[in-house]
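S.K.: Below you'll find the structure I mean.
Every number here is computed from the coordinates shown, using simple stated rules; none is lab data. Bear in mind the structure is a predicted one, so any value in this text is a computation, not a measurement. Here the Cβ positions follow ideal geometry from the backbone for every residue, glycine too, while neighbour counts run over all protein chains shown.
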Amino acid sequence: MAEKVNEKNITVNRKARHEYNILQTWEAGIVLVGTEVKSLRQGKANLVDSYAKLIDGEVWLINLHISEYTQGNINNHEPKRDRKLLLRKSEIRKLIGKTKEKGLTLVPLRLYFKNGKVKVELALAKGKKVYDKRKDIAKRDFQREQERRIKY
């Protein structure tokens, strides 16, 4: 019997798919404090300039902005603090090897709830050149034009 998976997106990093070629993705847990989870339930997060970094054999999410919880007190969290990601040791070893390659980086694609837990979809990505971005835009425009023609 298949287990029912309940997923709800909190935020998506749309800029990432435009700026990078996605090579591989992983699902990672994230270490949070209580007010951060409450703020995420309200959808107050921003992934735009965030990235992941390997520090001392651990993966950390840098620059993720989670707004302060409005009903929080003096113990509210810091919005842009570094947050530890939870991955298996074997996955971290693979990431260490792959991020040493030139031009590869770890980028969060989306933040979501899965069965009540906050998860991050982390991608190994290579930056696109300007001409690659132009080619993608031209391809997308061509597909839209074709779909319009099919409708009429």
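S.K.: Using only helices, what value at 222 nm comes out for the chain when you add -39,500 (n - 2.57) per DSSP H run of length 4 or more and divide by the total residues, to the nearest 500 deg cm²/dmol? Don't jump to the answer; show the numbers that get you there.
M.R.: Values: 4 runs with 47 residues, N = 152.
Taken over the chain, the calculation gives -9500 deg cm²/dmol.
S.K.: Measuring from a point 7 Å past the Cα of Leu104 along Cα-to-C-beta, which residues in the stretch 9-43 have an amide N at less than 12 Å?
M.R.: Under cut-off, by backbone N: 23-25.
S.K.: At 7 Å along the Cα-to-beta-carbon direction for both Gln146 and Lys80, put a label point, then send me their distance in nm to one decimal.
M.R.: Modelled inter-label distance: 4.2 nm.
S.K.: Mind ordering 88-101, 53-66 by average Cβ neighbours within 10 Å, highest first?
M.R.: Numbers: 88-101: 12.6, 53-66: 16.5.
The peptides rank, most packed first, as 53-66, 88-101.
S.K.: What does the charge count near Lys135 come to, summing +1 for each Lys or Arg and -1 for each Asp or Glu among other residues with Cβ under 12 Å from its Cβ?
M.R.: +3
S.K.: Under a cut-off of 19 Å between alpha-carbon atoms, report the aspartates and glutamates in cross-link reach of Lys128, not counting same-chain residues fewer than 8 places apart.
M.R.: Leaving aside aspartates and glutamates fewer than 8 places away in the same chain, those within reach of Lys128 are Glu19, Asp49, Glu101, Asp136, Asp141.
S.K.: A further question follows. Hey, what's the per residue convex hull volume over the C-alpha atoms of the stretch 83-137, in cubic angstrom? Show your work: numbers first, answer last.
M.R.: Working: hull volume 6.4 nm³, N = 55.
With only Cα atoms used, the stretch 83-137 gives 116 Å³ per residue.
S.K.: Oh, and also: Just the Cα atoms of the stretch 7-151, one point each, no solvent: what log10 I(q)/I(0) does Debye give at q = 0.10, 0.17 Å⁻¹?
M.R.: -0.41, -0.96
S.K.: Then there's this: Check cross-link reach from Lys8 to the lysines: straight Cα distance under 17 Å, and skip same-chain residues fewer than eight apart.
M.R.: Result set, ordered by chain and number: Lys38, Lys44, Lys114, Lys117, Lys119.
S.K.: Only Cα pairs under 8 Å and at least 6 apart count here; give the relative contact order of the stretch 23-152 as a rounded whole percent.
M.R.: Values: 193 pairs, mean separation 36.3, N = 130.
Relative CO of the stretch 23-152 lands at 28 percent.
S.K.: Right, here's the next one. By a straight-distance test (C-alpha under 20 Å), which aspartates and glutamates pair with Lys94 as possible cross-link partners, with residues fewer than eight away in the same chain excluded?
M.R.: Glu27, Asp56, Glu58, Glu121
S.K.: Residue by residue through the stretch 125-132, which ³J(HN,Hα) values in whole Hz follow from phi under the Karplus form 6.51 cos²θ - 1.76 cosθ + 1.60 (θ = phi - 60°), with glycine and proline marked x?
M.R.: Per residue, the Karplus-derived 3J(HN,Hα) values read 9, 10, x, 8, 7, 4, 5, 5 Hz.
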